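Okay, structure first, notes after.
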Amino acid sequence: MPPMRSLAVTQFAAFAAAYPQATLLDVREPWEVAMSSVPAPGCRTQHIPMQQIPARLAEIDRSQPVVCLCHHGMRSAQVVAFLMQQGEGEVYNLAGGIEAWSTEVDSAVPRY
């Protein structure tokens, strides 16, 4: 299996501009999404909690790049590994998750 691809939070805006059909797949729990989210203009945002990914795999558009997001980047890394095992093409982990987004990109995004 190829190595996992990661994106730094500071690279995400340029990535989203280059791949406007990409999906930002938020794998956090609903209460986390309600507290804080990453603005992803130009990207489709999809929320599927990590534990539901196997059952809802068909809902993920595999024809376009998928960037996985969680709180710190650990759950999303596990989802990326799973998607890669399933034959997912272009899939990335948003390194550091929403915590890194809040501290490095946009301090208006609430930390929790």
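What's the FRET efficiency of ALA17 with VAL109 using the Cβ-Cβ distance as r and R₀ = 25 Å, to the nearest 0.05? It comes out at approximately 0.85. The helix-based estimate of mean residue ellipticity at 222 nm for the chain, built from -39,500 (n - 2.57) per DSSP H run of four or more residues and divided by its residue count, is -6500 deg cm²/dmol to the nearest 500. If you line up the long axis of helix 74-85 against the longest principal axis of the chain, both from Cα atoms, how many degrees apart are they, to the nearest 10? Computed tilt is about 20 degrees.
The distance linking region 65-91 with region 12-32 is 11 Å (Cα centroid to Cα centroid, whole angstrom). Database remark: amide H of ARG5 closer than 5 angstrom to the amide H of ASN93 (H placed geometrically; neighbours at sequence offset of 5 or more, or on other chains; Pro and chain starts carry no H). The convex hull drawn around the Cα atoms of region 5-105, when projected onto a plane and averaged over every direction, covers 5.6 nm².
Readers should treat all values here as calculations from the given coordinates under stated rules, not as data from a laboratory. Note that the structure is predicted; figures quoted are calculated from it, not measured. All Cβ positions, even for glycine, are placed from backbone atoms using ideal geometry, and neighbour counts span all protein chains on display.
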